[in-house]
Amino acid sequence: MADQAASAGAAADQAEARAKAAAEAFDAPVDLLAEKDLYKILGVRRGATAEELKKAYRKRSLRHHPDKNPDDPDAKPKFQKVAEAFAVLSDDKKRLKYDRDGDCDLEDVDIDQFMNMFVGEMMEEGGMVDEMMQTALPWRDDEEKMAQFMEENIAKQGKNWVCKLDGKAFSNKRLMHAHFENTYARECEDWAKEQVSMMKASFESFMKQLTGIGDNSGEFLLPDGTKADMSNVKGVPDLRSHFQRKLDRGKEQDKILELYRKVSAEDSDFVPETQELADLLGLEEGVAEDLKKDKKRLLKRLKRKIDEFNDEEEEEAAMMEMNGGFPGLDEFGGFDGPGGLLGGLGLDPSDPEVMALLSGMGGADLLGGLGGGLGADLLGG
């Protein structure tokens, strides 16, 4: 109970912080005609949720609508820029591409935006999760897939089995199966795609709650369409803190590199601020004051720091390769499929919510990946 209360309190604080950040972003002054940053044009924080985007767009578009501003010759281009910004940011794929390839200063990236990019890259079409889903299908081959589709669309009436799709009756399932194979191959494929889509939506819902970018309900979608409460899941790792450390390290690395470029530039007489140097290199102010007076020593110390960052990145890249190339989860161990991923994150395989999530996402191999042969028990062998 204490853990649930703490979780609820943390969620409330997070929601309040988001609301404050959203209000500050919307009220920030912006020149719509000159501004190129889509987030600033729309007046939202970089980690804005879909609901925040819609709310900001409604307010911005109403404020700058040409009909409401007949005396403003710039009303139409302003309105169009707001609409264009919303068109990109409200589309998950376009937003991901903009965040990844657009003009984006790391200093401006907040943890919600970072987590959105992280989950977005996982879930994008043809990405890692799509590949994992192929190892987690609830059927082993086309015959099993057709059998499952058939079971959902037949009913027993007296001694016969009746097809719910066309009303035809057969004395046994073997004949019914042949009827489905001859008549409903395309419908079976459509049904299979829908099953995979539901599995993926469930996994995405879970990952969004796990990374703190889901809605404020704290619930995630299960493959059968029902919902489960994240607060009931045991052993949830603090991914946000993990990635916040990575984000902070990236910002620190950018500052060190920029400082090195300024000091090492030919004919440069740039001298860094003592406090900045002390903070970036972890020095006492007196040591930093002496260091900044000696350009050769300063460059050597900055180069050492850069080498430390590079060594860390090489170690992380090696760990990523061991973990199947999954970015950022080197501290949580390897994985094989969605079950292995969640197990690698430290989630309890006996947890009912985790079992419910995974039981709708595949067979024995997937759940067995969590240990203990759970697949056979849950799926009946």
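The values are calculated or read from the model by the stated rules, or taken from the named source; none is laboratory data. Quantities reported herein were computed from a predicted structural model and do not represent experimental measurements. Cβ atoms come from the backbone with ideal geometry, glycine included; neighbour counts cover every protein chain shown. SASA here: full protein model, heavy atoms, side chains in, ligands and nucleic acids out. Shrake-Rupley method; radii C 1.70, N 1.55, O 1.52, S 1.80 Å.
For region 169-284, the square roots of the Cα gyration tensor eigenvalues, ordered a ≥ b ≥ c, give a/c of at least 1.5 with a/b greater than b/c, which places it in the prolate category.
If R0 is taken as 56 Å, the Cβ-Cβ distance between Q275 and N172 corresponds to a FRET efficiency of 0.10.
How much of the calculated P(r) for region 23-178 lies past 26 Å, in percent of all Cα pairs? The calculated P(r) of region 23-178 puts 52 percent of pairs beyond 26 Å. Counting only protein chain heavy atoms and rolling a 1.4 Å probe, the accessible areas of D307, D224 rank, largest first, as D224, D307. Geometric descriptor of region 239-323, per residue, is 95 Å³ (volume of the convex hull of the Cα atoms). For an R0 of 30 angstrom, estimate the FRET efficiency from the Cβ-Cβ distance between A50 and D130 and round to the nearest 0.05. Efficiency for this residue pair is about 0.90. Anisotropy class assigned to region 43-90 is prolate, per the alpha carbon gyration tensor with a/c at or over the 1.5 cut-off and a/b larger than b/c. Pairs from the list K81/K262; K97/K227; K193/K234; K97/K234; K93/K234; K246/K305 with a Cα-Cα gap above 26 Å: K81/K262; K97/K227; K193/K234; K97/K234; K93/K234.
Grab the other residues whose beta carbon is less than 12 angstrom from that of E151, score K and R as +1, D and E as -1, and report the net. Before the final figure, lay out the partial values.
On the way: positive: K145, K156, K164, K173; negative: E144, E152.
Counting the neighbours of E151, the net charge comes to +2.
A 1.4 Å probe, protein heavy atoms only, puts the accessible area of W139 near 30 Å².
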